[in-house]
Amino acid sequence: MLKHQVDIEYCTQCRWLLRAAWLAQELLTTFEADLSAVSLLPGTGGVFEVRLNDAVIFSRKQTGRFPESKELKQLIRDVIDPAMDLGHSDK
């Protein structure tokens, strides 16, 4: 089975590590069988970007906001297993 890689790049100057770590925990819990890793990548300049298999799926700079946990789960699910039921995250 193909495993997927998620990278969360966060701004160290803005102190966004806890937000990135919390989202990583949410993704690892939801997709434990489908992910090979969730990496936290320190960055600067207000970056908060989530990549799945090197493709950007969420960018704070493009949207002007942070992703919701539910939103990220849906974006990842739609790529790796569109038939997967996310339970309360799908409502």
Item checked: Förster radius 30 Å - calculated FRET efficiency between D81 and C14, Cβ distance, rounded to 0.05 -> 0.40
Notebook entry, point to check: Can you pull out the GluC sites (Glu not before Pro) in the range 37-91 that DSSP calls coil and that have at most 15 other Cβ atoms within 10 Å?
Noted result: E68
Next item on the list: Restrict the search to the range 9-77; then list the trypsin sites (Lys or Arg not before Pro) that DSSP places in a loop and that have at most 13 other Cβ atoms within 10 Å of their Cβ.
Entry: R15, R65
Notebook entry, point to check: Using alpha carbons only, what's the Rg to Rh ratio of the chain with Rh from Kirkwood?
Noted result: 0.95
Check: List the chymotrypsin sites (Phe, Trp or Tyr not before Pro) in the range 3-81 that DSSP assigns to loop (not H, G, I, E or B) and whose Cβ has at most 14 other Cβ atoms within 10 Å. Which are they?
Finding: none
Check: Taking the Cα centre of the chain as the origin and placing charges on Cβ (Lys, Arg +1; Asp, Glu -1), which of Q25, C14, I76 is farthest toward the positive end of the dipole?
Finding: C14
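Only the coordinates and a few stated rules stand behind these numbers; no lab work does. All values derive from a computational prediction rather than experimental measurement. Ideal geometry is used to build each Cβ from the backbone, glycine not excepted, and the neighbour counts take in all protein chains shown.
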